[in-house]
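Below is one structure; the comments refer to it alone.
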Amino acid sequence: MWRIADDGNDKNNVVGERMSFQDRLREAQARLAELSADPFRQKIEGAVRGKNAVSTAALLDLLDVPKTTGSARRVSKVMRSMGFVPIKSRRLMPGGFRDTVARGWARPLRWEQRR
């Protein structure tokens, strides 16, 4: 694969440098990562910055998506990739008492090293 020089003078100016297989592989991986990146991730990262726990309902409200199982699963995929663990808690709901249990996400207190 030949690279085209973009110096503005000649659009067909070919540089004699070949891309190695590893460079082509890295470029392909970067393009694939851009295509497969969930658009929810950027908003969720901003919302959970500095927080130790957040409810799934609050994240769905933030993203302004319907509260469906499919939406919750997409949020779940992003949260797990960011290192959060799923929880059930009464404290995530304002005024939570007895029967009021919310599902959400929390950062683990410590990371376990697996052998």
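Bear in mind these aren't lab numbers, they're just calculated from the coordinates by the rules spelled out. The structure displayed is predicted, hence computed values, not measured ones. Heads up, the Cβs are rebuilt from the backbone with ideal geometry, glycines too, and the neighbour counts pull from every protein chain shown.
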- Inter-label distance, nm, simple model (7 Å from Cα along the C-beta direction), R103/L32: 3.1
- How much FRET efficiency would the formula 1/(1 + (r/R0)^6) give for V65 and M19, where r is the Cβ-Cβ distance and R0 is 35 Å, rounded to 0.05? 0.30
